[in-house]
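The structure under discussion appears below in the form of structure tokens.
The values are calculated or read from the model by the stated rules, or taken from the named source; none is laboratory data. This one's a predicted model, so the numbers in the text were calculated from it and none came from an experiment. All Cβ positions, even for glycine, are placed from backbone atoms using ideal geometry, and neighbour counts span all protein chains on display. Ligands, DNA and RNA are excluded from the accessible area calculation, which covers all protein heavy atoms including side chains. Shrake-Rupley method; radii C 1.70, N 1.55, O 1.52, S 1.80 Å.
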Amino acid sequence: MKWDKLLKLAGIIVIVAVVAVLAVKPVFPDVKWLPFAKLIKQGLDLQGGVHVVLEAQDTPESPVTSDRVKQAMAIIENRVNAYGVAEPIVQQQGDRRIIVELAGINDPDEAVRNMIKTAYLEFKTEDGTTVLTGRQLKTATEGTDQSGVAEVNLEFEPDGAKIFAEVTKANVGKPIYILLDNQVIQAPNVQTPIPDGKARISPYASLEEAHNVAILLRSGALPVKLEVMEKRTVGPTLGADSLDKSIKAGIAGLAAILVFMVLYYRLPGLVADFALVVYALLVLLIFAALHVTMTLPGIAGFLLSLGMAVDANVIIFERFREELWAGKTLRSGIDAGFKRAFVAIFDSNVTTLIAAAVLYYFGTGPIKGFAVTLSIGILVSMFTAITVTRYLLHLVAGSNLVRNVKMYGA
Amino acid sequence: MLRDKKPFHFIKLRKIWYVISILVIVPGIISLFSQGLNLGIDFRGGSLLDLKFNQPTAVEQVRGVLADFGLEGASIQRSGETDFIVRTKELAEDENLAVLQALDQKLGGVAVQRNERVGPVIGQELIRKALLALGVASVLMVVYIAWRFEFKQGIAAIIAILHDVLVILGIFSIFQIEVDSTFVAAVLTIIGYSINDTIVIFDRIRENMLYRKKGEALEDVINNSLWQTMARSINTGLTVIFVLVAFFLMGGATIHNMVLALLIGVSSGAYSSIFNASPIWYDFKKMEERGRLKGAKA
């Protein structure tokens, strides 16, 4: 027995065990980042939510321009923020598509209908006739006048400006009501006719107040018609159910691998099992650190990479056995086995990485998630097989704990 | 030990392996041409409602409500007493809302588990992207293998992959199992997996060719390499299958078809890596040799 090596081995086992417990069990409820498995972001299919792809459509009165799409995005962002969900995603895809993702929302369908509603915003005169809608409003920004008083500047589209000129001319001294979803948000008095479509509302107590009003006005209307190209909603119960089932299936699959490895490869199998646990922990850590979004196919990708991590060990052990059969000592057998196995592991994993990269490039949503988890899994598996397994095997062989080569599968 | 006994000669028996592959693939190809694939809304476009009613409900009741909206042709799939998956033509948002409200009011309350709507454009894009991805992945792999091994091995590996893709497509066509976007991911993963399997064997052949004894026939080198890697091929296939079976039996219904495609693919990939890729490469080498002999004679 070599006690220093045994001690090292025991130390490593304890450390990994502690990390494993910290990863999944809430031992320190006060520490925010523990257990770190909880930090991994869950995709919409696991926590419920909505994924929708909107496309801007040409209409006679407002053809699609890149400015209008950008504006529409900003407006949707405002509308979506009203739901108060964590980390909503509003993204442009190509020239005229907008992708929106909201997680953990109660009525996803309602959210989608709200997103594509065109005109909430109306301008009414005192007698209640609607004279303008948000569609004719180009922008609303906050600012200050010469004396430093906060104000909101409105600018109308050319057609809106023309109408606005007539309306202001006919309503000098009277208020114009600005309604958002039938609620009056502003009722400024017309002081003079405004012919150029550029109006100012003032005074406001602060620039911040003016800013808020400007946002309300801006988010009032979509400048362009949006159509739903694709919509996927997942209810929270189904999401939780999927997650639960996947975790159970994952544990069962992992357990089967662990048992098989020990039965077939004996002591090295046990070492591989330990390396596999290290592998799983490392991958979870990386997922948490890189903010990888875990989707249902992503979990499948992770587990598939688990199979490939085992593969690297299998290739190494088969080589190791051959070296032992050829009469090598344990120590030189380990090194020779690793050396000869490395080329095979490298080449085979690179080809799989190529497939994963292509999948990432062409895929969308959950498929991208699958490609990411698979790729990270492959890279980490190469690392753990070559470093962790090798180090541990040397440690076990060097400690003289087990000297019978039969226990190494020979 | 298998490696020492070598119960049979892989290369000498290769015609048998080819016949087995053809017997598995041909019915699938016939099915693909006659009835095609059961394309889900991801490809065709349409709407999907995954519903859970508050009380036991019959298919006829659901169809009755749908008929009010002219949707009596919808596909209605019942699993359990209260769970339904309804597939219809594409429904606009207000139409969708009206249908859900009607179902909720007339059939005593319903929770929407999943609601998907895919426009026809998206479906076409998916098909285009899937084919493009397949093509790009194949080319890149041939390039890599040609660089690390030799070009003919790259082609042999791609033929083995084509075999696996045809097996998956064929089985999904024969049994008319629904194909969605996760299916595309499964097929591409199998490509990665199958080629991974093949490469480990090619690596062994590459190494054995270096230590090839004088007068040792190529077919024997390949045969030895295949037997030397046999334990690895089986064990790796088994460990992946463990995980997939666990997912197939216990995982959620949403990825059921994806896992099924992976299971079929991993099995086919293990077969094609051992029984097709190397024997095909051997045939290529023989053709090359014959071509050289002919050239020498003339």
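Some points to look at:
- Test item: A:301-313 mean partner chain Cβ contacts at 10 Å: 5
- Spatial extent of region A:121-218: Rg and Dmax, with the Cα atoms as the point set, Å: 12.4, 35
- Beta bridges assigned by DSSP with both partners in region A:121-218 are antiparallel in approximately 100 percent of cases.
- Per residue, region B:101-151 exposes 50 Å² of accessible surface when a 1.4 Å probe is rolled over the protein heavy atoms with every protein chain present.
- Dipole in debye (nearest 20) - the protein assembly as shown, about Cα centre, beta carbon charges: Lys, Arg +1; Asp, Glu -1: 4360 debye
- For the pair A and B, total buried accessible area rounded to nearest 100 Å², probe 1.4 Å: 5600 Å²
- Between region B:69-86 and region A:255-333, the Cα center-to-center distance that results, in Å: 44 Å
- The alpha carbon convex hull volume per residue for region A:1-152 rounds to 275 Å³.
- Computed over the alpha-carbon pairs of region A:324-371, the distance histogram in 10 Å steps reads 24, 27, 20, 16, 12, 1 percent, short to long.
- When each of A:Lys117/A:Lys245; B:Lys5/B:Lys213; B:Lys152/B:Lys294 is checked by Cα-Cα distance, pairs over 29 Å: A:Lys117/A:Lys245
- Across the options A:Ala150, A:Pro195, A:Leu121, the greatest Cα extent toward the positive end of the charge dipole of region A:121-218 (unit charges at beta carbon of Lys, Arg, Asp, Glu) belongs to A:Pro195.
- Of A:Val53, A:Thr293, B:Gly46, farthest towards positive along the dipole that unit charges on Lys, Arg, Asp, Glu beta carbons give the protein assembly as shown: A:Thr293
- Annotation for B:Ala146 and A:Asp95: the two label points, set 7 Å from Cα along the Cα-Cβ direction, are 3.6 nm apart.
- Sequence of A:Leu296, A:Leu180, B:Leu140 from largest to smallest accessible area, 1.4 Å probe: B:Leu140, A:Leu180, A:Leu296
- Region A:162-253: translational diffusion in µm²/s, Stokes-Einstein, Kirkwood Rh over Cα pairs, 37 °C, 0.692 mPa s: 182 µm²/s
- Treating each Cα of the protein assembly as shown as an identical point scatterer and summing with the Debye formula, the log10 of I(q)/I(0) at q = 0.07 Å⁻¹ comes to -0.62.
- Longest site-free stretch - chain A; sites: GluC sites (Glu not before Pro), DSSP loop, at most 14 other Cβ within 10 Å: A:127-410
- Directionally averaged shadow of chain A, computed from the convex hull of its alpha-carbon atoms, nm²: 26.9 nm²
- Theoretical FRET efficiency, 1/(1+(r/R0)^6), r = Cβ-Cβ of B:Lys214 and B:Val136, R0 35 Å, to 0.05: 0.25
- Mean Cα-pair separation over length for region B:180-296, i.e. relative contact order, pairs under 8 Å, 6 or more apart, %: 43 percent
- Total charge dipole magnitude, chain A, about the Cα centre, Cβ charges on Lys, Arg, Asp, Glu only, Debye to nearest 20: 2360 debye
- Over the protein assembly as shown, dividing the summed -39,500 (n - 2.57) contributions of all DSSP H runs of at least 4 residues by the number of residues returns a 222 nm mean residue ellipticity of -20500 deg cm²/dmol.
- Axis of helix B:93-106 versus longest Cα principal axis of chain B: the two differ by about 60°, to the nearest ten degrees.
- For chain A, built as a Gaussian network whose Cα springs stay under 10 Å, the top-fluctuating residue of A:Gly398, A:Gly298, A:Gly239: A:Gly398
- Sequence of A:His394, B:His163 from largest to smallest accessible area, 1.4 Å probe: A:His394, B:His163
- With 10 Å bins beginning at zero, the pair-distance distribution over Cα atoms of chain B amounts to 6, 22, 26, 19, 12, 9, 5, 1, 0 %.
- Dipole of chain B, positive end: most advanced residue of B:Ala137, B:Ala185, B:Ser233 [Cβ charges, Cα centre]: B:Ser233
- The dipole here belongs to region A:132-230: it is taken about the Cα centre, uses +1 on the Cβ of Lys and Arg and -1 on the Cβ of Asp and Glu, and is about 340 debye.
- With at most 14 other Cβ atoms within 10 Å, longest stretch of chain A clear of loop trypsin sites (Lys or Arg not before Pro) (DSSP): A:118-402
- When you filter the chymotrypsin sites (Phe, Trp or Tyr not before Pro) in region B:206-298 for DSSP loop state and at most 14 other Cβ atoms inside 10 Å of their Cβ, you are left with B:Tyr211.
- Think of a 1.4 Å ball rolled over the protein heavy atoms: chain A then has 45 Å² of accessible area per residue.
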